[in-house]
Amino acid sequence: MGLSKTIWAHPSEFLAHHDPEHPVLFFAPQVLQATARRFLDGFPGLVTYAVKSNPEPVVIENLAAAGIRGFDVASPTEIRMIARLVPEAAMHYNNPVRSRAEIAVGVEHGVASWSVDSASELDKLIALVPAAGTEIAVRFKLPVAGAAYNFGAKFGATVELAAVLLRRVADAGFVPALTFHPGTQCTEPEAWLAYIGAAAGIARDAGVRIARLNVGGGFPSHRLQGMMPALEAIFALIDRATGEAFGADRPALVCEPGRGLVADAFTLAARVKAVRDGAHVFLNDGVYGALAELPLIGGIDRIEVMGPEGIRRGPVTPRIVFGPTCDSVDRLPGEVMLPEGIAEGDFVLVHGLGAYSTATNTRFNGFGELAVETVMRLHA
């Protein structure tokens, strides 16, 4: 995977001058920086970027250029990359289960904040991490609906255990904090309400005034044409709910968007390999490539099809769409509305694919070659 040094006006300009046989991701740095500024201007606290969603160096560098100064890291590889690319940035190690060797890497690189959701993992941090000035955020979970899938299925303490852990964090001399993740692609601001209220209750039960509350990620990207992300409404609700829940003990706020920051800065161009018997559409990318997460959280309808004469207009029809591998699960969810005239050689442009595309792309079956091209904007 390589990034071209040529900057194109938009994806259609590149595709009109090239005949790529492999999928192409188009990256618009101006879109990424504008989204970063939207978070920096609107969120009432520290904005950190969840590196896992798209760890491409050009993404990290553009976020830093826009003013992002905190990064949510989940592994030694991500820690070392941020230390190299943005050495002045604060790193929050929010993968709550780590080996002792992984903890050592975090300590070596001055990780500022750690999350934890169990007594055994807290034992490790107390033993291995210097306490002075270091934050430990206890991660908790609730059975809250409103997200595309449940982040509490793997991580997060119950509210009862969270209070016990928080008391231990404070008693051990660390900076006490709480954190949660409401789930991914939360389009309803209310997804944060119950968590913020529960956080205040945990702090009261523990008898601890927390320094910070990390409200997680979950901020939505623009996946469906008729559903624009209401980021400012979410920011306002988080601000108001924190004040109401904590009162005079209000903590500083942190968020860790991944998808919400990076998704809309990329568009994928996948080529039509075949339209089998005029029905099923086969692409040169699929669920083992840059479209890996679509079966997990649903499809994207922000799709255009470019033929030899440009973007295809006119009536659309539902199609079953397969990826290029020989695995029958390599199919996009449901049916995709595509132009009736779609033909072999066309390009299917899927907007909003900056998150979990390059990071989850595989080489299964010999496919997976993916180029990245830079564009000024993502629409002609």
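Summary of values
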quantity: Count - residues of the stretch 221-230 that are surrounded by fewer than 19 Cβ atoms within 10 Å (Cβ to Cβ) and either closer than 13 Å to R38 by Cα or of a type outside the set (S, T, N, Q) (or both); calculated: 6
quantity: Given (1) closer than 18 Å to L378 by Cβ; (2) without any contact (Cβ under 8 Å) to a residue 40 or more places away in the chain; (3) not small (G, A, S), number of the condition L349 does not satisfy; calculated: (2)
quantity: Index of the failed condition, F219 passing every other in (1) touching a helix residue (DSSP H, G or I) at 6+ places or on another chain (Cβ under 7 Å); (2) at pLDDT below 95; (3) not charged (D, E, K, R); (4) not in a loop (DSSP other than H, G, I, E, B); calculated: (4)
quantity: Index of the failed condition, E21 passing every other in (1) closer than 20 Å to S221 by Cα; (2) assigned to a loop (DSSP other than H, G, I, E, B); calculated: (1)
quantity: Among residues of the stretch 282-323, those that are surrounded by 15 or more Cβ atoms within 10 Å (Cβ to Cβ) and without any contact (Cβ under 8 Å) to a residue 24 or more places away in the chain, counted; calculated: 0
quantity: Some residue of the stretch 3-12 being more than 28 Å from V272 (Cβ to Cβ), of a type in the set (K, R) and not in a helix (DSSP H, G or I); calculated: yes
quantity: Residue identified as of a type in the set (S, T, Y) and assigned to a strand (DSSP E or B) among T374, T360, T325; calculated: T374
quantity: Residue check for A290: among the small types (G, A, S), outside any loop (DSSP other than H, G, I, E, B) and in contact with a Leu (Cβ under 8 Å, 6 or more places away or on another chain); calculated: no
quantity: Any hit, the stretch 5-20, residues being in contact with an Asp or Glu (Cβ under 7 Å, 6 or more places away or on another chain) and either within 30 Å of G307 (Cβ to Cβ) or acidic (D, E) (or both); calculated: yes
quantity: Residue satisfying all of: in the stretch 28-69; polar (S, T, N, Q) and not in a helix (DSSP H, G or I); nearest to A177 (Cα to Cα) among these; calculated: T48
quantity: Single match in G156, G226 (criterion: farther than 29 Å from I103 by Cα and out of contact with any Cys (no Cβ under 9 Å at 6 or more places or on another chain)); calculated: G226
quantity: Residue match in the stretch 75-84 (condition: buried (at least 20 other Cβ atoms within 10 Å of the Cβ), within 19 Å of the chain's Cα centre (by Cα) and among the hydrophobic types (A, V, I, L, M, F, W, C)); calculated: yes
quantity: Whichever residue in the stretch 31-44 is in contact with a strand residue (DSSP E or B) (Cβ under 9 Å, 6 or more places away or on another chain) and surrounded by fewer than 19 Cβ atoms within 10 Å (Cβ to Cβ) and, among such residues, is nearest to A290 (Cα to Cα); calculated: L40
quantity: Enumeration of residues in the stretch 187-220 that are surrounded by 24 or more Cβ atoms within 10 Å (Cβ to Cβ) and within 20 Å of Y356 (Cα to Cα); calculated: G216, G217, G218, F219, P220
quantity: Filter pass, T358 being among the β-branched types (V, I, T), under 30 Å from L63 (Cβ atoms), touching a residue at least 40 places away in the same chain (Cβ under 8 Å) and touching a helix residue (DSSP H, G or I) at 6+ places or on another chain (Cβ under 9 Å); calculated: yes
quantity: Some residue of the stretch 35-53 being free of Cβ contacts under 8 Å to residues at least 40 places away in the same chain, outside the structural domain of G243 (by TED's automatic domain parsing) and under 30 Å from V272 (Cα atoms); calculated: no
quantity: Scan of the stretch 328-340 for residues that are among the hydrophobic types (A, V, I, L, M, F, W, C), in a strand (DSSP E or B) and buried (at least 18 other Cβ atoms within 10 Å of the Cβ), ordered by number; calculated: V336, L338
quantity: Any hit, the stretch 247-259, residues being part of a helix (DSSP H, G or I) and either touching a residue at least 60 places away in the same chain (Cβ under 8 Å) or closer than 25 Å to V24 by Cβ (or both); calculated: yes
quantity: Residues that are out of contact with any Ser or Thr (no Cβ under 9 Å at 6 or more places or on another chain), aliphatic (A, V, I, L, M) and either in a loop (DSSP other than H, G, I, E, B) or surrounded by 19 or more Cβ atoms within 10 Å (Cβ to Cβ) (or both), drawn from the stretch 260-281; calculated: A269, A270, V272, A279, V281
quantity: Meets criteria (of a type outside the set (A, V, I, L, M, F, W, C) and either on the phi > 0 side of the Ramachandran plot or surrounded by 14 or more Cβ atoms within 10 Å (Cβ to Cβ) (or both)) for G247; calculated: yes
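The values are calculated or read from the model by the stated rules, or taken from the named source; none is laboratory data. Small disclaimer: the values here were computed from a predicted structure and weren't measured. Because the Cβ atoms are built from the backbone with ideal geometry, glycine has one as well, and the counts that use them run over all protein chains shown.
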